[in-house]
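Chemist: Quick one: the structure is below, questions incoming.
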Amino acid sequence: MAKKKASIVYKCSNCGYTQPAWLGRCPQCGEWNSMEECINDPNAGSALLKADGTSLRIKPLPMSQIEIQDEGRISTGDKEFDRVLGGGATKRSATLIGGEPGIGKSTLLIQTAANMLRENPGSRILYVSGEESASQIKGRAIRLGLAVDQLEILCTLRLEDILSALDSLNPGMVIIDSIQTVYSVEAGIIPGTVNQLKYCANELIGWVKERDSILFMTAHVTKDGNIAGPKSLEHMVDTVISFERNNDEVRFLRAMKNRFGSVDELGIFQMDSDGLKAVKDPSALFLTRREGTIPAGVSYVPVFEGSRVFVVEIQALTVPAKASLNRVYSDKVDSARVSRVAAVLEKRGGIRFSDQDIYINVAGGMRLTESAIDGALAAALYSARTDIPLPAKTVIVGELSLAGEIRPVTKLKQRIKAAVELGFDKAIVSEKISGAVAVESIGAMVKELFKK
């Protein structure tokens with residue numbers, strides 16, 4: 001079907017009178033200089049149009065005339081969730097939350113709705129579900145002990161029903177669970193297709209951007225852990241959050257994209273019968289409490305996750321390769337990084353790994369990506385290969401170069417301070433600093449740790 005051509009009209013901002021040509025004075029109400037240039041586009045999304053089918057024509061402005069608006073952050077009632085969002089939910093923003101089935105996306109959002117209703121009794125929140133019935137949602141709220149009597153529930157798959165409810169309720173927060181179940185007759189009748197996702201998300205985001213509302217959308221993930229559907233959906237929203245787990249109870253909430261804050265923050269939750277709770281002592285998750293000598297292949301490193309420092313335990317194991325080609329098994333540390341550190345150790349440290357299968361694990365399940373873990377990873381590999389344990393209560397911080405040098409890392413003092421507060425009394429680092437031992441190369445690090 002051919003698209004209809006858009007037309008330009010001039011509309012009075014005072015009384016709404018429209019006509020095809022501009023006038024200095026409105027003929028209906030008599031107001032001067034109130035005629036605004038608008039576009040009447042029958043092909044535009046309904047979320048972008050006003051009641052009379054027109055929308056204000058947007059024109060470029062010089063940067064000097066643009067005013068910075070207050071982001072208008074609102075607390076979700078959960079410090080960990082606020083931390084990941086960058087300090088709270090931002091008005092006129094869209095957030096996409098991805099995670100595997102059963103990880104707690106719906107639980108997190110219904111708890112957020114309950115917190116915001118408690119903090120703002122007069123606010124209106126619309127919860128749209130395409131996967132669960134209203135009775136199932138209420139049953140979950142009762143099990144979690146949440147006061148959500150004022151929460152508006154809409155169980156539908158049709159986008160037109162959702163937009164109609166939004167226009168009538170004008171809620172301050174909208175929850176779509178999940179976006180992949182929503183479809184519009186304008187884009188077909190099968191939910192989850194590329195066109196459906198892009199069209200429905202665009203309509204919902206357009207509605208939110210025109211009002212002081214907040215949009216949360218959940219999405220499924222593939223077996224690789226990526227958000228299912230087109231990647232263009234991630235570009236359309238303001239924030240993309242990944243929900244991960246390391247076991248049946250602990251959950252990690254991490255921002256993959258955030259236009260209103262940092263993507264380095266990590267939220268740590270624990271799932272129990274009362275729902276998701278913030279973990280009060282995260283260090284207990286990443287450290288194994290031991291008495292006496294630590295096993296061979298174990299090292300410790302303080303890492304930054306956003307504004308917080310965690311001391312984590314890296315575990316390494318080497319065994320003779322059963323085939324002519326050695327393999328690296330590493331889930332929480334990039335296997336390419338492990339192979340590179342092992343190669344540097346073999347070249348600069350005089351110890352062979354080419355005939356060994358290497359296994360790397362991180363206690364607590366945290367994923368480590370920063371280069372500051374190179375020194376601790378090298379120490380764990382050397383300890384596992386020689387079967388000699390590292391000294392107890394020792395942390396190792398430093399980036400490892402291909403030449404075998406231990407390079408400086410950022411925020412070293414904060415890292416050392418966090419380790420001391422957790423009971424560590426020795427630090428191996430790359431630069432001279434009070435309370436730490438400085439080493440310049442992988443050879444010097446091995447001599448300091450293993451006295452050889």
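Chemist: Considering only the stretch 281-304, state which residues are modelled with pLDDT of 85 or more and within 23 Å of the chain's Cα centre (by Cα).
Modeler: Pro302, Val303, Phe304
Residues checked against (1) surrounded by fewer than 20 Cβ atoms within 10 Å (Cβ to Cβ); (2) without any contact (Cβ under 8 Å) to a residue 40 or more places away in the chain; (3) aliphatic (A, V, I, L, M):
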residue: Pro101; (1), (2), (3): yes, no, no
residue: Ala113; (1), (2), (3): no, no, yes
residue: Asn120; (1), (2), (3): yes, no, no
residue: Ser123; (1), (2), (3): yes, no, no
residue: Val128; (1), (2), (3): no, no, yes
residue: Gly139; (1), (2), (3): yes, yes, no
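Chemist: State whether the residues of the stretch 392-400 include one that is under 14 Å from Ala342 (Cβ atoms) and either at pLDDT 95 or above or of a type in the set (A, V, I, L, M) (or both).
Modeler: Yes, that holds for at least one residue.
Chemist: Take the stretch 404-452 and flag every residue that is closer than 23 Å to Arg308 by Cα and part of a helix (DSSP H, G or I).
Modeler: Correct list: Leu412, Lys413, Gln414, Arg415, Ile416, Lys417, Ala418, Ala419, Val420, Glu421.
Chemist: Could you list, ordered by first residue, the pairs with Cβ atoms under 7 Å in which the first is in the stretch 306-323 and polar (S, T, N, Q) and the second is open to solvent by 50 Å² or more (accessible area, probe 1.4 Å), at least 6 apart or interchain?
Modeler: Taking only residues 6 or more apart or on different chains, the pairs are Gln315/Asn361; Thr318/Arg385.
Chemist: I'd like the residue in the stretch 365-403 that is polar (S, T, N, Q) and part of a loop (DSSP other than H, G, I, E, B) and, out of all such residues, is farthest from Val298 (Cα to Cα).
Modeler: Ser401
Chemist: Now for a separate question. So Met236 fits all but one of (1) over 30 Å from Gly145 (Cβ atoms); (2) open to solvent by less than 40 Å² (accessible area, probe 1.4 Å); (3) touching a residue at least 60 places away in the same chain (Cβ under 8 Å); what number is the exception?
Modeler: Exception for Met236: condition (2).
Chemist: Cβ-Cβ below 7 Å, separation at least six or inter-chain, first residue in the stretch 345-356 and within 15 Å of Met445 (Cα to Cα), second part of a loop (DSSP other than H, G, I, E, B): which pairs?
Modeler: Leu345/Ile351; Leu345/Phe353; Glu346/Arg352; Glu346/Phe353; Glu346/Ser354; Arg348/Gly404
Chemist: I'd like the full set of residues that are within 38 Å of the chain's Cα centre (by Cα) and free of Cβ contacts under 8 Å to residues at least 24 places away in the same chain, limited to the stretch 324-334.
Modeler: Within the stretch 324-334, the subset within 38 Å of the chain's Cα centre (by Cα) is 325-334.
Correct list: Leu325 only.
Chemist: Mind checking which residues of the stretch 394-452 are in contact with an Asp or Glu (Cβ under 7 Å, 6 or more places away or on another chain) and on the phi > 0 side of the Ramachandran plot?
Modeler: Gly398
Chemist: What number of residues within the stretch 426-440 satisfy the criterion of being of a type in the set (Asp, Glu) and modelled with pLDDT of 90 or more?
Modeler: Of the residues in the stretch 426-440, 1 are of a type in the set (Asp, Glu) and modelled with pLDDT of 90 or more.
The values are calculated or read from the model by the stated rules, or taken from the named source; none is laboratory data. Computed from a prediction, not measured in an experiment: that's the story for all the values here. All Cβ positions, even for glycine, are placed from backbone atoms using ideal geometry, and neighbour counts span all protein chains on display. Quick note on the areas: whole protein, heavy atoms, side chains included, nothing else; ligands and nucleic acids left out. Shrake-Rupley method; radii C 1.70, N 1.55, O 1.52, S 1.80 Å.
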